[in-house]
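A.B. asks: Can you read through this structure? Questions will come right after.
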Amino acid sequence: MSDKIVKMLATWFYVGDIPGAPGTAASAVAVMMAVICAPNLFLYVLIAIIVIALGFKVSGRTEEILGRKDPGCIVIDEVAGIMVAFFLLPITWPVLITAFFLFRAFDMFKIYPVNKFEQIEGGAGVMMDDLIAGLYTNIVMQLAVRWAGIL
């Protein structure tokens, strides 16, 4: 795979090059993907698996290309994390908004053991903290939606 294609995928079609808050922008794009895919569970799972696999493949290579550990322009990890966060959640405005902000909080604050995963070298280190943040978000949201009936 050429360096140009690797960087395009790692930045999620250059969303990661948006100045200011590329992770937030990529998360918003990923929420739209999740909403579009949600009615078809097979499609949702297939796209999530593809994004996660691509993320592991291109993130480490992009670090090498740019010569920096986990540069902010790599946002495929946010896309993968959002796909995990929204898995099997109902698509309602309260759920979308709450899960989006909860994921961003878990991603930014790196609650244990997320901070440990971030220390892993290469693509795994880039991806794992966001996948775990997505998992935390999904667990909290499943509890809120299904057991507490909050959203």
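A.B. asks: Of Glu78, Glu118, Glu64, which is the most mobile in a GNM of the chain whose springs link Cα atoms less than 10 angstrom apart?
C.D. replies: Looking only at Glu78, Glu118, Glu64, the largest GNM fluctuation is found for Glu64.
A.B. asks: Let me ask you something else. Considering Cα pairs under 8 angstrom that are at least six residues apart, work out the relative contact order of the chain and quote it in whole percent.
C.D. replies: 28 percent.
A.B. asks: Output the DSSP H helices from the chain with an along-axis C-alpha extent of no less than 30 Å and a mean Kyte-Doolittle hydropathy no less than 0.0.
C.D. replies: Counting only whole DSSP H runs, the qualifying helices are 41-66, 122-142.
A.B. asks: Pick from Leu135, Leu41, Leu96: which residue has the top mean-square fluctuation in a GNM of the chain where Cα pairs under 10 Å get a spring?
C.D. replies: Per the Cα network of the chain with a 10 Å cutoff, Leu41 tops the list.
A.B. asks: I want to verify a result. In a Gaussian network model of the chain, Cα cutoff 10 Å, which of these has the top mean-square fluctuation: Val140, Val15, Val79?
C.D. replies: Looking only at Val140, Val15, Val79, the biggest GNM fluctuation is shown by Val140.
A.B. asks: Name the residue from Ile49, Met1, Val145 whose Cα lies farthest towards the positive end of the charge dipole of the chain, charges +1 on Cβ of Lys and Arg and -1 on Cβ of Asp and Glu.
C.D. replies: Checking the options against the dipole of the chain, the answer is Val145.
A.B. asks: Extension gain Ile50-Ile120, at 0.36 nm per residue separation less the Cα-Cα distance, in nm?
C.D. replies: Extending this stretch completely gives an extra 23.1 nm.
A.B. asks: Classify region 3-147 as rounded, prolate or oblate, taking a ≥ b ≥ c as the square roots of the eigenvalues of its Cα gyration tensor: rounded when a/c is under 1.5, otherwise prolate if a/b is larger than b/c and oblate if not.
C.D. replies: prolate
A.B. asks: Using the charge dipole of region 3-147 (Lys, Arg: +1 at Cβ; Asp, Glu: -1 at Cβ; taken about the Cα centre), state which of Pro113, Met83, Ile132 has its Cα farthest towards the positive end.
C.D. replies: Farthest towards the positive end: Met83.
A.B. asks: What distance in nm separates the two pseudo spin-label positions at Glu64 and Lys4, each 7 Å out from Cα along the beta-carbon direction?
C.D. replies: With each label placed 7 Å out from Cα toward Cβ, I get 2.0 nm.
A.B. asks: Based only on other Cβ atoms within 10 Å, what is the fewest-to-most ordering of Trp12, Trp93?
C.D. replies: Arranged by neighbour count, lowest to highest, Trp12, Trp93 become Trp93, Trp12.
A.B. asks: Based on the Cα gyration tensor of region 75-151, what are the three equivalent ellipsoid semi-axes, each the root of five times an eigenvalue, rounded to whole Å and given largest first?
C.D. replies: Taking √(5λ) for each eigenvalue gives 24, 12, 9 Å, largest first.
A.B. asks: Moving on to the next point. Test of understanding: what is the full-extension gain from Leu41 to Phe109, defined as 0.36 nm times their sequence separation minus their Cα-Cα distance?
C.D. replies: 21.5 nm
A.B. asks: With n ≥ 4 as the cut-off for DSSP H runs, can you work out [θ] at 222 nm for the chain, using -39500 (n - 2.57) per run divided by the number of residues, rounded to the nearest 500?
C.D. replies: Calculated at 222 nm, the ellipticity per residue is -22000 deg cm²/dmol.
A.B. asks: Next up: Would you kindly state the longest site-free stretch of the chain, with sites defined as trypsin sites (Lys or Arg not before Pro) in a DSSP loop (not H, G, I, E, B) surrounded by at most 16 other Cβ atoms within 10 Å?
C.D. replies: In short, 1-67.
Since every read-out is calculated from the coordinates, none of them should be taken as a lab result. Fair warning: this is a prediction, and the values are worked out from it, not measured in the lab. Because the Cβ atoms are built from the backbone with ideal geometry, glycine has one as well, and the counts that use them run over all protein chains shown.
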